[in-house]
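Down below is the structure, laid out as structure tokens.
The values are calculated or read from the model by the stated rules, or taken from the named source; none is laboratory data. Please read these numbers as outputs of a predicted model, since none were measured by experiment. Cβ coordinates were reconstructed from backbone atoms using ideal geometry, including for glycine residues, and neighbour counts include every protein chain displayed. For accessibility, only protein heavy atoms count, side chains too; no ligands or nucleic acids. Shrake-Rupley method; radii C 1.70, N 1.55, O 1.52, S 1.80 Å.
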Amino acid sequence: MKKNYLYTLVRSWLIVLLLMLFSFSFMPKQINADVVGTVAQMPIIEVHADLTWTLLSSHTLTLSGFTVAGATAVTWNSDNLLFYAIVRTTGPVDRRLVTVDPTTGVCTDIGSLGDSFSSLTYSSTTGILYGMTGAGAINSEDLYNVSIVTGIPTFLAGPFSVGADGEVIAYNYDDGFIYHWSGNSIANMEMINTTTFVATPVVQSGVTHNEIYGAVYQGSGNFLATDIANRALIITSAGVVSIQQTGLDFQFRGLGYVDPLLPVELSSFTSTINRRDVTLNWTTTSEINNSGFDIERSIVNPGGSGWSMVGNVSGHGTI
């Protein structure tokens with residue numbers, strides 16, 4: 001009986017850890033490996049499957065006290081599990097930072113950004129929501145730290161001119177750089193150091209794209225991007241461009257979120273038994289925005305009280 005109890009206990013704890021990892025990967029409102037973007041020139045936010053671009057949901061953007069005319073960006077904050085967007089309002093014309101629920105289109109106002117910001121990207125590594133002003137605007141293609149509490153932008157560096165319409169940015173979690181795109185010239189892509197803000201040009205190859213409308217990092221050195229020609233593109237951090245999908249229904253701005261990667265990649269899991277004690281050991285090969293592991297146990301005896309947390313092991317953030 002004692003052996004069976006210990007075996008069941010170890011097995012139960014292993015199931016808990018696996019369920020915990022599974023729940024981590026599906027935590028963002030069930031939008032896993034999907035694309036969240038806004039429709040250009042329209043107050044609409046949509047969710048698409050990231051491989052087939054099958055439409056999963058489409059909603060009109062609403063903001064209490066304002067009339068929403070459109071949106072220029074959306075990004076995912078993996079720390080507080082919220083989507084942030086830039087919406088255009090009328091009467092007077094303004095661009096405002098909001099949080100948005102892509103499953104309903106309902107926005108919550110944070111503050112005014114004026115009439116120049118066009119792109120957002122969030123980094124859980126630096127804890128900063130980055131915003132870039134649009135090409136042709138006052139102080140165009142400048143990079144800012146945008147407060148997620150007040151919407152107040154703080155200038156960081158710029159301008160970063162990579163050609164006409166150079167206003168789309170996306171953070172690369174593997175190398176820690178912000179990538180920046182414009183139109184279809186040869187040297188229209190660059191990587192910006194988030195500490196020194198030195199920009200390094202990246203010469204593109206492969207398919208020639210039109211003006212980039214949205215981009216988000218997928219992992220493994222790849223960005224998913226959209227252009228004004230209604231195409232979905234894969235752009236590597238080395239600048240190689242390929243077409244994923246043509247003939248999209250709309251021109252998609254953003255993009256907000258693509259997460260095909262598990263936040264925690266487990267490489268080993270072992271347990272050792274010493275009388276009534278069980279010691280769990282596991283190793284991770286990568287962790288993305290991981291605050292820690294909750295350890296739970298359950299009473300296996302009939303009539304037991306179910307699962308209860310007995311400890312926590314700190315994670316390593318993003319490594």
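Observations on the structure shown:
- Exclusive hit being on the phi > 0 side of the Ramachandran plot and either touching a His at 6+ places or on another chain (Cβ under 8 Å) or open to solvent by less than 10 Å² (accessible area, probe 1.4 Å) (or both), set Gly151, Gly221: Gly151
- Subset tally (residues that are in a loop (DSSP other than H, G, I, E, B), open to solvent by 40 Å² or more (accessible area, probe 1.4 Å) and farther than 21 Å from Phe177 by Cα) for segment 231-259: 5
- Selection within segment 291-309 - open to solvent by less than 70 Å² (accessible area, probe 1.4 Å) and either β-branched (Val, Ile, Thr) or modelled with pLDDT under 75 (or both): Ile295, Ser298, Val300, Gly304, Gly306
- Some residue of segment 161-179 being outside any loop (DSSP other than H, G, I, E, B), without any contact (Cβ under 8 Å) to a residue 12 or more places away in the chain and open to solvent by 10 Å² or more (accessible area, probe 1.4 Å): no
- Residues in segment 170-211 that are closer than 16 Å to Thr75 by Cα and not aromatic (Phe, Trp, Tyr): Ala170, Asn172, Ile178, His180.
- Selection of segment 85-102 for residues being open to solvent by 10 Å² or more (accessible area, probe 1.4 Å), under 18 Å from Val47 (Cβ atoms) and outside any loop (DSSP other than H, G, I, E, B) yields only Thr99.
- In this structure, Phe223 qualifies as under 13 Å from Val241 (Cα atoms), in contact with a strand residue (DSSP E or B) (Cβ under 8 Å, 6 or more places away or on another chain), modelled with pLDDT of 90 or more and part of a strand (DSSP E or B).
- Ala229 being free of Cβ contacts under 8 Å to residues at least 24 places away in the same chain and of a type in the set (Gly, Ala, Ser): yes
- Single match in Thr272, Thr283, Thr279 (criterion: at pLDDT 75 or above and within 27 Å of Gly127 (Cα to Cα)): Thr283
- For segment 111-129, the condition holds for no residue, the condition being that it is in contact with a Pro (Cβ under 9 Å, 6 or more places away or on another chain), among the hydrophobic types (A, V, I, L, M, F, W, C), modelled with pLDDT under 95 and surrounded by fewer than 23 Cβ atoms within 10 Å (Cβ to Cβ).
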